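See structure below.
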Amino acid sequence: MRAIWKGAVSFGLVSIGVKLYSATEEKDIRFHQVHREDGGRIRYKRTCSVCGEEVTYDDIAKGYDIGGGEMVILTDEDFADLPLTSSRAIDVLEFVPAEQVDPILYNKAYFLEPEGTATKPYVLLRDALIDSERVAIVKVALRQREQLATLRVREGVLLLNTMLWPDEIRTPDFGFLDEDLKVRPPELAMASSLIDSMTGEFEPDVFTDDYRAALQEVIDAKVEGREVVQPEEVEEAPAAAVDLMAALKASVERAKAARGEQPARGGGGGGEPTPISSARSAQKAAEKAAEKAAKAPAKKTAAKKPAEKKTAAKKAEPAKKTAAKKTEPAKKTAARKSAPRKSA
């Protein structure tokens, strides 16, 4: 890597000499504009719109359009007089928790390397940031522009993240923000189940730029003069479903299948109940309770029949006793007649 800037981190009364390196690089495949007939590069000339002459870099200045066809021309001397106090310094302003910095503010990232004898204070600042669990808010001037930035630690190296200024962040102005849209609890529960089924640990190395790989394959095939192998067709995204709940449920089943989990059969099946299945079970229980409450008067009417049976049983008891009394004398008479036979 080649250093693009040299300066010092100003940390209180401590000055730490550092070199600045770009921490990222774009991997896009770049093309040149060429003439279709012979492949010649297309060149652009810097010409003046007033006199039509070609202009060299030495004769180019910066102009600010104030409207009405008027232009204010600024020279290098005008920029040299601007008060860039942090032109060769990274001034630490304060230390804040990292979560207080909105990621939308981040712009570009740079590695800082200690220079010369600055290794010890560099390591001191690095370890202090790790110990305090803070990031440093700093100001730095890069390419004639003062920028707000953060200093944090990544893999043992100080990382400078330049940031946009707050007035450079646009305010979203969309019509739906003023609409009173209500999300039903079952829909929210199913969406939460979908999130749970797709939860994992972020490992950036497992993701690849498939388009860039396919484009490189086309270029390599052109160079080698072989036939271009068409990449496998990517599965088309399903059409937008009218039923949001059905789409969410299908998404949950698809996510589970992708993770190797067995989908639930018939909406039931084994496994732990999801929030939406619990909600449905509660709803079914409430419906059954309502049905029982509706059938309660009929049960009371039916309950009177056993009472009638008890009354009939009570009426039958005297008749049984009377019949029993009549049978007793007959039994005694028969016993007396049989007595003489025993004495003979």
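The values are calculated or read from the model by the stated rules, or taken from the named source; none is laboratory data. As the structure is a prediction and not an experimental result, all values here were calculated from the model. Cβ sites come from the backbone with ideal geometry, for glycine too, and all protein chains shown count toward neighbours. Heavy atoms of the whole protein, side chains included, go into the accessibility calculation; ligands, DNA and RNA do not. Shrake-Rupley method; radii C 1.70, N 1.55, O 1.52, S 1.80 Å.
Give the residue list of trypsin sites (Lys or Arg not before Pro) in the range 105-157 that are DSSP loop and have at most 16 other beta-carbon atoms within 10 angstrom. Mind showing how you got there, number by number?
Details: sites: Lys108, Arg126, Arg134, Lys139, Arg143, Arg145, Arg152, Arg154; in loops: Arg134, Arg143.
When the trypsin sites (Lys or Arg not before Pro) of the range 105-157 are filtered for loop state and at most 16 Cβ neighbours within 10 Å, Arg143 remain.
With all protein chains present, how much of the accessible area of the range 124-210 (probe radius 1.4 Å) comes from carbon and sulfur, to the nearest whole percent?
Numbers: 3370 of 6340 Å².
For the range 124-210, the apolar C and S fraction of the accessible surface comes to 53 percent.
Give, to the nearest whole percent, the P(r) tail of the range 1-102 beyond 19 angstrom, counting all Cα pairs. Could you put the intermediate results ahead of the total?
Working: 3853 of 5151 pairs.
Every Cα pair in the range 1-102 considered, those over 19 Å come to 75 percent.
In whole Å, how far is the Cα centre of the range 192-219 from that of the range 101-139?
Each part's Cα centre sits 30 Å from the other's.
From the C-alpha gyration tensor of the range 1-61, pull out the three semi-axes of the equivalent ellipsoid (sqrt of 5λ each), sorted largest to smallest, in whole Å. Don't skip to the answer; put the middle values down first.
Values: eigenvalues 339, 106, 12 Å².
Calculated on Cα positions only, the semi-axes equal 41, 23, 8 Å.
How much FRET efficiency would the formula 1/(1 + (r/R0)^6) give for Gln216 and Val34, where r is the Cβ-Cβ distance and R0 is 30 Å, rounded to 0.05?
On the way: r = 19 Å, r/R0 = 0.63.
Efficiency computed from Cβ-Cβ geometry: 0.95.
Do any chymotrypsin sites (Phe, Trp or Tyr not before Pro) in the range 1-82 lie in a loop, going by DSSP, with at most 14 other beta-carbon atoms within 10 Å of their beta carbon, and if so which? Display every interim value, and only then the final one.
Numbers: sites: Trp5, Phe11, Tyr21, Phe31, Tyr44, Tyr57, Tyr64, Phe79; in loops: Phe31, Tyr44.
Here the chymotrypsin sites (Phe, Trp or Tyr not before Pro) that fit, given the DSSP loop and packing criteria, are Phe31, Tyr44.
Under a 5 Å amide H to amide H cut-off, with H placed in plane at 1.01 Å, what residues pair with Ala23 once short-range neighbours are removed?
Ala109, Tyr110, Phe111
Please go through the range 85-191 and write out the chymotrypsin sites (Phe, Trp or Tyr not before Pro) that DSSP classes as loop and that have at most 15 other C-beta atoms within 10 Å.
Numbers: sites: Phe95, Tyr106, Tyr110, Phe111, Tyr122, Phe174, Phe176; in loops: Phe174.
Those that pass, being in a loop and sparsely packed, are Phe174.
Find the all-direction average of the projected area of the Cα convex hull for the range 145-195, expressing the result in square nanometres with one decimal place. If you can, show how the numbers build up before the last one.
Details: hull surface 30.4 nm².
So the mean shadow area of the Cα hull is 7.6 nm².
Considering just Cα atoms, how many Å³ per residue does the convex hull of the range 99-211 enclose?
Working: hull volume 26.8 nm³, N = 113.
With only Cα atoms used, the range 99-211 gives 237 Å³ per residue.
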